Amino acid sequence: MIDFITFCDYMGTFAFAISGIRLASAKQFDWFGAYVVGVVTAVGGGTVRDILLNDTPFWMTQPSYLVVSGFALLFVIIFRKYVIKLNNTFFIFDAIGLGLFVIVGIVKTLDFGFPMWVAVVMGTITGSFGGMIRDILINEVPLILRKDIYALACVFGGIAYWICLQLAMPSALSQFISATIVFGIRILSVKYHISVPVLKGEE
């Protein structure tokens with residue numbers, strides 16, 4: 001039986017892979033190209049995190065992440081009429097992956113003995129950098145660099161996790177609350193058009 005954090009890791013991989021594959025389909029990528037984009041979206045942030053933690057990237061020791069990304073491709077192929085046509089599909093799966101991966105990044109960083117502030121940074125990297133690499137591959141301005149509340153949602157989720165730890169909440173509950181907050185902030189910010197002020201140059 002897998003633990004909660006491993007479940008988050010696999011579900012985040014599946015959700016992020018779908019978000020990447022869905023965007024690749026909009027750009028008319030072939031199946032293999034779409035799979036590559038999905039894999040990069042799913043493992044990109046965690047790979048950057050592991051390199052910074054001086055650890056072997058997780059997918060190099062556990063091929064199941066590549067398999068999960070393959071299932072994500074199969075999912076999109078089978079349900080493409082629903083997945084590709086729904087404009088909010090990418091957003092929902094991306095928000096789910098974001099919340100789950102923040103938790104994975106925070107927990108792993110804490111397990112390596114780093115302080116909480118480093119864990120929050122690593123959680124943000126885990127959640128957002130895969131999407132950044134994805135956007136670069138499909139020739140889009142990275143979402144993390146736009147005015148959307150994206151990386152900040154990860155930061156708030158990390159702070160919520162720290163607060164839960166200070167309140168001595170069970171680990172699984174703390175992780176669930178933190179992931180939910182990341183997901184909730186991302187959903188609400190888009191629904192109500194809440195964004196970070198744009199830095200404007202001279203007019």
Query - Paramagnetic label zone (point 7 Å from Cα along Cα-to-C-beta, ARG146; backbone N under 16 Å) in the range 38-54 - result: none
Query raised in the report: Using θ = phi - 60° and the Karplus form 6.51 cos²θ - 1.76 cosθ + 1.60, what ³J(HN,Hα) does each residue of the range 35-46 get, whole Hz, x for Gly and Pro?
Result: 5, 4, 4, x, 5, 4, 4, 6, 10, x, x, x
Report summary line: Reduced to Cα centres, the span from the range 110-186 to the range 1-44 in Å works out to 17 Å
Query raised in the report: Using unit Cβ charges (K, R positive; D, E negative) and no other charged atoms, how large, in debye to the nearest 20, is the dipole of the chain about its Cα centre?
Result: 560 debye
Report summary line: With a ≥ b ≥ c from the Cα gyration tensor eigenvalues, square-rooted, and the rule rounded for a/c under 1.5, otherwise prolate when a/b > b/c and oblate otherwise, the chain is oblate
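With runs of 4+ DSSP H residues as the only contributors, calculate the mean residue ellipticity of the chain at 222 nm using -39,500 (n - 2.57) per run, divided by the residue total and rounded to the nearest 500.
On the way: 8 runs with 148 residues, N = 203.
Theoretical 222 nm ellipticity from helices: -25000 deg cm²/dmol.
Read-outs throughout are calculated quantities, based only on the coordinates presented, and are distinct from any laboratory measurement. All values derive from a computational prediction rather than experimental measurement. Please note: Cβ atoms are built from the backbone with ideal geometry, for glycine as well, and neighbour counts cover all protein chains shown.
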